[in-house]
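Reading through the structure tokens given below for one structure.
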Amino acid sequence: MAYTTIDKPTDYFETILYTGNGSSQNIGGLDFQPDWVWVKQRGGTTNHKTSDSVRGATKALQPNDVDAEATDSNGITAFNSDGFSLGAGGDYNSSSASQVAWNWKAGTSFTNDASSTGIGTIDSAGSFNNDAGFSIVTWSGNGSNNATIKHPLSAVPRMMLFKIRSHSDDWTVYHHILGAGKKLNLNDTGAKSTVPEIFNNTEPTSSLITFGTHSRTNTNGANYVGYIFAEKKGYSKFGSYTGNGNADGTFIYTGFKPAFLIVKQTDGTNGWGMFDNKRNPHNTVSQRLWSNESSSEAGTQLLDFLSNGFKPRYTNSYFNGSGNNYIYMAFAENPFLTSTGVPATAR
């Protein structure tokens, strides 16, 4: 059984459900001030929206498309001690619309002058939380091969999401199961592809991320953001599984009861399914959103969230095709076993 250093996962990640009012409002209820907020309207065909405390609350990106960063004064306008403030933007706050917001805490600012510290070859800055294994990192590309930036997690990243801010281009996903020579796009359904020049075919270390000359990560003068995750026992897991094509699906052990889950098939063209314990408080988990689509929430009996992992309950290739390969990212509602020895209960 796995113990954990995080007995209360809601200190670092939590989902909020709220209803839009068509005008400015504060959304609260978190046990922390969020540094990264990802919002989606549940019942409408609207874009995903994401903002963070490093780029600034009003600086919006859309995980389901390639658009460059835009200033949206009607979207998220501030990060508060227990949530965030909203303007009157339709994608965030349309009157009477049901919304979901996924929230992560970083919280400690950092800057790295590469020439002064000798760490990396490109300056970087951002916010991090070593306890939770999460960092937001920004940098400006130099166009040089084998360029490196510092990340502050003191652990090897297991999953990373990257977006060029100053130009239109895809969201790039690194997952340790695929390795540094391959990538996925968060904003489309494509299978894994081999593009070694994005990361210079070099795995990240406990202090550095390496880039080649690809525009996804290192165009000279272009601005970028990365959301960097290290794994924390009992709180986060970035793993893989193989489907069995059976309604009694493969059991995937995480070491905790999931609060949030994203799954993507890596050897086929299916989307990034997004699930959480607030839209789906009971099994079977059925309400799914796609990170790569503006479509509304929908689904059928897809998954079970268990006390120590999850189990697909659907037989097709989206999440459980026979012999198909999948990656996932998951965050905890409760650790399977707390540091005091208290076990999680089933749903």
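Take the Cα gyration tensor of region 12-104, multiply each eigenvalue by 5, square-root it, and list the three semi-axes largest first, rounded to whole angstrom.
On the way: eigenvalues 56, 50, 30 Å².
Each semi-axis is √(5λ); the values are 17, 16, 12 Å.
Over 22 Å between Cα atoms: which of LYS237/LYS257; LYS163/LYS192; LYS183/LYS264; LYS183/LYS311 fall into that group?
Details: LYS237/LYS257 11 Å; LYS163/LYS192 17 Å; LYS183/LYS264 12 Å; LYS183/LYS311 25 Å.
Checking Cα-Cα distances, LYS183/LYS311 exceed 22 Å.
Please state the charge dipole magnitude for region 205-347, taken about the Cα centre, from unit charges on C-beta atoms (+1 on K and R, -1 on D and E), reported in debye and rounded to the nearest 20. Before the final figure, lay out each step's value.
Numbers: 12 positive and 8 negative charges, 45 e Å.
Magnitude of the dipole: close to 220 debye.
Tell me the relative contact order for region 12-104 as a rounded percent, counting alpha carbon contacts under 8 Å between residues six or more apart. Show your work: numbers first, answer last.
Numbers: 243 pairs, mean separation 41.8, N = 93.
Dividing the mean separation by the residue count of region 12-104 yields 45 percent.
Of SER116, SER291, SER144, which has the largest mean-square fluctuation in a 10 Å C-alpha GNM of the chain?
Highest fluctuation among the options: SER116.
Around GLU231, with a cut-off of 9 angstrom between Cβ atoms, what is the net charge of the other residues, counting Lys and Arg +1 and Asp and Glu -1?
+4
Hey, if you put +1 on the Cβ of every Lys and Arg and -1 on every Asp and Glu Cβ in the chain, which of LEU289, SER307, ILE149 ends up farthest toward the positive end of that dipole?
Towards the positive end, the residue furthest out is SER307.
For a test of the definition: using alpha carbon positions, the gyration tensor, and the 1.5 limit on a/c, classify the chain as rounded, prolate or oblate.
Values: a/c = 1.36, a/b = 1.17, b/c = 1.16.
Because its axes are fairly even, with a/c under 1.5, the chain counts as rounded.
By count of other Cβ within 10 Å, fewest leading, how are ILE262, ILE149 ordered? Could the numbers behind the result be given before it?
Working: ILE262 22, ILE149 29.
If I rank by nearby Cβ atoms, fewest first, I get ILE262, ILE149.
State to the nearest 20 debye the size of the charge dipole of the chain about its Cα centre, where the only charges are +1 on K and R beta carbons and -1 on D and E beta carbons.
On the way: 26 positive and 28 negative charges, 111 e Å.
Once rounded to the nearest 20, the dipole reads 540 debye.
No value in this document is a laboratory result; all are computed from the given coordinates. As the structure is a computational prediction, the values presented were derived from the model and not from experiment. Don't worry about glycine lacking a Cβ; one is built from the backbone with ideal geometry, like all the others, and counts go over all protein chains shown.
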